[in-house]
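A short worksheet on the structure shown next.
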Amino acid sequence: MSSESSSGIIEQPGIASERMTLEVMASRFLEEHRRWLNPSIKAYVNSCPEYADEIRESFPVLIAMEEWKTNQEFTRLRKQVPADFENRHLGNCRILKEISRTRTSIIYSAEQGPQQRSVAIRLFPWKSECSPRWRDRFLCESRLVFQSRHPNIVSVDSIEKDQGYTYTVMQLVSGISLDQVLQGLGCKQAGAGGSDQFESQTGYLYQEQLTQVVNSFRQNYWRSVARLGLQAANALRFAHRRGKLHCDLRPAHLIVNREGHCWLTGFSLPQQLEGTLKQQRVPTLQYQSPERIQGEMGKISDLYSLGCVLYELATLTPAFQAANSGALIEQILKGRYTRPCEIVSEIPSALENIISRCLASSRQDRFQSADELSINLVRFLNGHDFKNHVKSDWKGRGKWSVFRKNDIQ
């Protein structure tokens with residue numbers, strides 16, 4: 001039997017490579033992929049170098065075929081999701097109203113128990129026997145933040161099953177998706193009819209009006225950007241110290257309220273992207289690091305994604321944008337994006353330098369931990385200059401190492 005790391009990557013196959021046929025390896029690889037164990041093509045190549053060329057050529061094709069079948073299954077399942085969930089009770093929770101929907105869940109506000117504690121319910125909207133594989137993913141992702149008590153993470157209190165449905169009881173927070181805040185700031189198309197309250201499709205929306213949050217954010221804009229970055233970095237530090245990666249950090253997975261408090265949600269399984277790039281949606285790829293696109297990931301990749309979010313907040317435009325995933329991937333791999341001060345000349349130099357280091361093409365040139373990023377954001381908030389100088393790429397114009405050092409405004 002093979003041993004697996006927490007991410008599912010094979011470390012040392014117990015069966016000698018000379019006794020392994022390509023067919024057996026392919027079968028094992030697909031089974032691990034179907035169980036969301038994050039198999040790595042590179043690990044298989046290293047364990048069976050005599051089949052290296054065949055593995056590199058055939059395994060991405062296997063993943064692409066599997067992803068196509070998965071997407072077909074998901075399309076079929078989506079058609080079965082009811083417009084309105086008939087059950088008003090799950091376990092000891094009474095459902096009050098729908099808050100939002102994601103691709104694989106419906107989020108409700110609810111009251112729990114005799115004390116009528118305010119909670120959120122994240123419901124897997126299909127009965128378990130209809131979609132066991134997607135249910136398993138739902139459960140795995142829920143366990144990533146199970147009882148993660150941190151002021152900047154939406155915690156999962158319990159994982160339950162009732163009436164054939166799987167659901168989680170979560171912390172209910174009052175705030176709005178950062179994706180919606182960016183709409184209000186004018187850098188994305190606004191949602192339903194320009195109303196004060198939006199129905200978020202990919203994030204959360206709890207009892208807050210968009211105009212109030214946006215106006216609060218604008219009062220001291222650069223400090224608001226840095227404070228949000230600091231809270232997100234602190235949440236990542238907490239998760240990373242417990243061996244958890246976020247893997248899908250983007251505006252839709254950050255919640256902010258009118259006081260500027262920020263929560264991180266939407267933790268995802270660390271899946272390799274080898275062979276699946278064309279299957280990924282542009283909104284997800286926009287915030288992924290070059291190394292993750294190439295099939296590797298780690299803590300520094302989460303910090304890169306946070307840098308993309310801060311860039312978008314600072315400039316009101318995504319760092320990377322293209323009409324299709326292929327063109328977007330090319331931009332990210334080449335590290336070509338517009339320097340923030342060329343879009344917004346008022347951006348403080350220290351904040352620009354922090355963002356640029358998050359987005360450095362080379363992992364060695366980025367912040368090496370959430371702690372390091374937090375320290376530099378605190379320095380900015382305290383009126384100090386950027387601490388570390390590194391090289392960075394701008395639009396492929398070559399390397400530059402002298403950062404702007406104007407005083408913070």
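FYI, it's all coordinate maths here, none of it is from the lab. All values reported here derive from a predicted model rather than from experimental measurement. Cβ placement follows ideal geometry from the backbone for every residue including glycine, while neighbour counts extend to all protein chains displayed.
Descriptive notes on the structure:
- For the listed peptides 354-363, 259-268, 244-253, 341-350, a ranking on the average number of other beta carbons within 10 Å per residue, highest first, reads 244-253, 354-363, 259-268, 341-350.
- Share of pairwise Cα separations in segment 43-140, more than 20 Å, in percent: 56
- Cα convex hull of segment 17-78, projected area averaged across orientations, nm²: 4.2
- Per-residue extension of 0.36 nm, minus the Cα-Cα distance of residue 346 and residue 157, leaves a gain of 63.8 nm for this segment.
- Convex hull volume per residue, computed on the Cα atoms of segment 89-170, equals 90 Å³.
- Between residue 30 and residue 85, the distance separating the two model label sites (each 7 Å from Cα on the Cα→Cβ line) works out to 3.4 nm.
- Between residue 316 and residue 74, the contour length at 0.36 nm per residue exceeds the Cα-Cα span by 83.8 nm.
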